[in-house]
Amino acid sequence: MERIPRKHELALLCRNVDETSLLTGHVMQRAIKVDAAMTKSFKKISGLKEEKKHLNQELNDVKEDFETLTASLEKLSESLKNVGADVEMVMQENNTLEKKNEEMKVEMEGVKSEKANLQMVFKKEKGERKKSDKELVRLTSKLDGLRSTQMEL
């Protein structure tokens with residue numbers, strides 16, 4: 001036969017049920033908070049995964065840009081080598097032209113000197129020709145005078 005619980009046992013049992021109910025409420029509140037925190041964490045993780053995916057895409061873009069830049073730099077380096085060779089050729093040509101220029105200056109000095117000499121000779125001959133022309137005019141006039149005297153005689 002079953003025994004009927006006494007009043008104080010029932011009160012104790014009710015108090016245990018109340019404490020258990022209270023503890024269950026606390027546990028449920030904590031479980032709700034944990035669930036909310038986990039949901040929030042999952043959302044953060046999902047956002048971080050999305051951000052990671054975006055950052056990986058940006059990293060790949062940067063890698064492509066870096067490869068393109070590296071190729072461009074290699075082409076630029078090659079172009080600079082070609083420019084260096086062209087500059088060397090231009091410098092050699094410039095040196096050759098400078099030498100020719102110096103030779104031409106020396107030749108020009110010679111030509112100027114010869115021109116000056118020829119001008120002096122020309123002036124001298126011009127002066128002598130004037131004298132000769134005057135002398136010729138004088139002699140011609142003297143000859144004409146002699147001829148007319150001869151004709152008179």
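The values are calculated or read from the model by the stated rules, or taken from the named source; none is laboratory data. Just so you know, these numbers come straight off a predicted model, no measurement behind them. Each accessible area value is taken on the protein alone, full model and side chains, heavy atoms only, with ligands, DNA and RNA left out. Shrake-Rupley method; radii C 1.70, N 1.55, O 1.52, S 1.80 Å.
Worth a mention:
- Sole residue being of a type outside the set (S, T, N, Q) and modelled with pLDDT of 90 or more, chosen from Leu146, Leu136, Leu76: Leu76
- Count of region 112-127 residues which are among the charged types (D, E, K, R) and open to solvent by less than 100 Å² (accessible area, probe 1.4 Å): 1
- Which numbered condition Lys81 fails, given (1) within 60 Å of the chain's Cα centre (by Cα); (2) at pLDDT 90 or above: (2)
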